[in-house]
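Have a look at the structure below before the remarks.
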Amino acid sequence: MSNPSLLILAGDGIGPEVMTEVRRVIDWYGDKRDLKFDVSEDLVGGAAYDKHGTPLTDETMAKAQAVDAVLLGAVGGPKYDNLDFSVKPERGLLRLRKEMDLFSNLRPAQCFDALADFSSLKRDVVAGLDIVIVRELTSGIYFGEPRGIFKEGNERVGINTQRYTESEIDRVARSAFELARKRGNKVCSMEKANVMESGILWREVVQKVHDEDYPDVELSHMYADAGAMQLCRWPKQFDVIVTDNLFGDLLSDAAAMLTGSLGMLPSASLGAPMANGRPKALYEPVHGSAPDIAGQGKANPIACILSFAMALRYSFDQGDEATRLENAVEKVLADGLRTADLIGEEGVQPVSTREMGDAILAALD
Ligand code: NAI
Ligand code: MG
């Protein structure tokens, strides 16, 4: 059997810096765990624009469709701010998400013990937190028609439409249940079925998918506003939360900040299963290209490294190896290593991107 394939799109700004450390982690798995990947690299975003005049070439798009998983750094930067909308770096990322039809966006909120004091919430509330928000990513109010600003009598009216088909709800629900089976086996679905018809349908379909195909997973339903309160009050009651595009946008950003720095947050975007049974998948840190620190060796590589851990778990069925990598990160943090973004208290000397990478490799050994 051939090795699983990975396409690396490092992108712009700190993207290539953090990805260099991920490459070393990938090589470590090949050497030490005999877990080998066929890795190819290509350009995306501003880097692709500089070379090809487009933020994503058709060839790169075709490669992304063919591999088992794509790993992306970050795109964008001030150098590209004045480009025409059609060739902006972000368009490369949007094209990937759209053409790969990545409808299920996984945003973990995981709190490493060593960073619990970094949270704005009490240590007790967040220490050891490990939840994932599954946000529907390709439909809902950001895409529904009609939309626009229209003239109505003497004034204008702004319109967006929340619209979900049964099949759109069905597929994201399945992805949440599959995920829960690999974790704590618990799903909480959030909508506003009390005031929105799309929420009534959402609740019905999620329940049906559960009853027919995932009766072993514990399912609960919550109104999204109550869910937001519960997330701040006692987030550890959750394992997997599944919700629509709009509520997911808000809830995932709020949940992420329970745990501290942008430099720590990974994400995955999954699509339909391919012929080999693996979902189409793109893994990327939540942060952007951080132009303010790019090229200085200051960037925290952990968000990108944890994105690779998600790839191990969700694309390659290597949950134990993903845990090994997460434990290595945990150990390094417990040992007191901090990149500049993680420095809260005075007197701690920050380590560089490379030193953080070195320490994680040493912890893996
Ligand atoms: P950003 O995430 O790049 O940076 C926000 C702040 O967090 C900055 O102070 C930065 O130094 C810090 N930061 C981010 N990641 C870090 C890391 N790994 N280690 C240490 N510090 C880190 O967001 P910003 O400044 O709004 O956007 C900068 C550029 O990135 C823009 O061109 C934007 O369009 C693009 N962007 C791209 C994204 C992507 O590729 N998915 C997502 C968000 C923004
Ligand atoms: Mg957001």
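Taken together, the values in this text are just the output of simple stated rules run on the coordinates, not laboratory data. These figures come from a predicted structure and were not determined experimentally. No Cβ is skipped: glycine too gets one built from the backbone with ideal geometry, and neighbour counts run over all protein chains shown.
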>> Under the rule a/c < 1.5 gives rounded, and otherwise a/b versus b/c splits prolate from oblate, where does the chain land using the Cα gyration tensor?
In response: rounded
>> Using the basic label-point model (7 angstrom from Cα toward the beta carbon), what is the Ile149 to Ala272 distance in nanometres?
In response: 3.7
> What fraction of the DSSP beta bridges in segment 1-144 is antiparallel, stated in percent and rounded to the nearest 5?
Replying inline: 40
> Distance from the Cα centre of segment 71-89 to that of segment 31-64, in angstrom?
Replying inline: 16
>> List the residues, sorted by chain then number, that are 5 or more residues from Ser5 or on another chain and whose placed amide H is less than 5 Å from its amide H.
In response: Asp38, Asp68, Ala69
> Tally Lys and Arg at +1 and Asp and Glu at -1 over the other residues with C-beta under 12 Å from the C-beta of Trp202: what net charge comes out?
Replying inline: -4
> Which residues' amide hydrogens lie under 5 Å from the amide hydrogen of Arg147, considering only partners 5 or more residues apart or on another chain, with H built in the peptide plane?
Replying inline: none
>> Checking the table Lys63/Lys280; Lys298/Lys331; Lys63/Lys88; Lys151/Lys192; Lys63/Lys98 against a 23 Å threshold on Cα-Cα, which pairs fail?
In response: Lys151/Lys192
> Just for segment 133-277, what percent of DSSP beta bridges are antiparallel, to the closest 5?
Replying inline: 30
> Distance from the Cα centre of segment 98-133 to that of segment 254-281, in angstrom?
Replying inline: 11
>> I'd like the Karplus ³J(HN,Hα) series for segment 100-112: coefficients 6.51, -1.76, 1.60, θ = phi - 60°, whole numbers in Hz, and an x wherever there's a Gly or Pro.
In response: 7, 6, 8, 8, 10, 9, 9, 10, x, 10, 10, 10, 6
> Under a 5 Å amide H to amide H cut-off, with H placed in plane at 1.01 Å, what residues pair with Glu41 once short-range neighbours are removed?
Replying inline: Ile8
>> Using the Kirkwood radius over C-alpha pairs as Rh, can you work out the diffusion coefficient of segment 130-257 via Stokes-Einstein at 4 °C, viscosity 1.567 mPa s, in µm² per second?
In response: 85
>> What does the net charge come to around Met190 if you take all other residues with beta carbon closer than 10 Å to its beta carbon, with K and R at +1 and D and E at -1?
In response: -1
>> Can you say what percent of the DSSP beta bridges in the chain, counting only those with both residues inside, are antiparallel? Round to 5.
In response: 45
> So what is the relative contact order of the chain, in percent, for Cα pairs below 8 Å that sit 6 or more residues apart?
Replying inline: 21
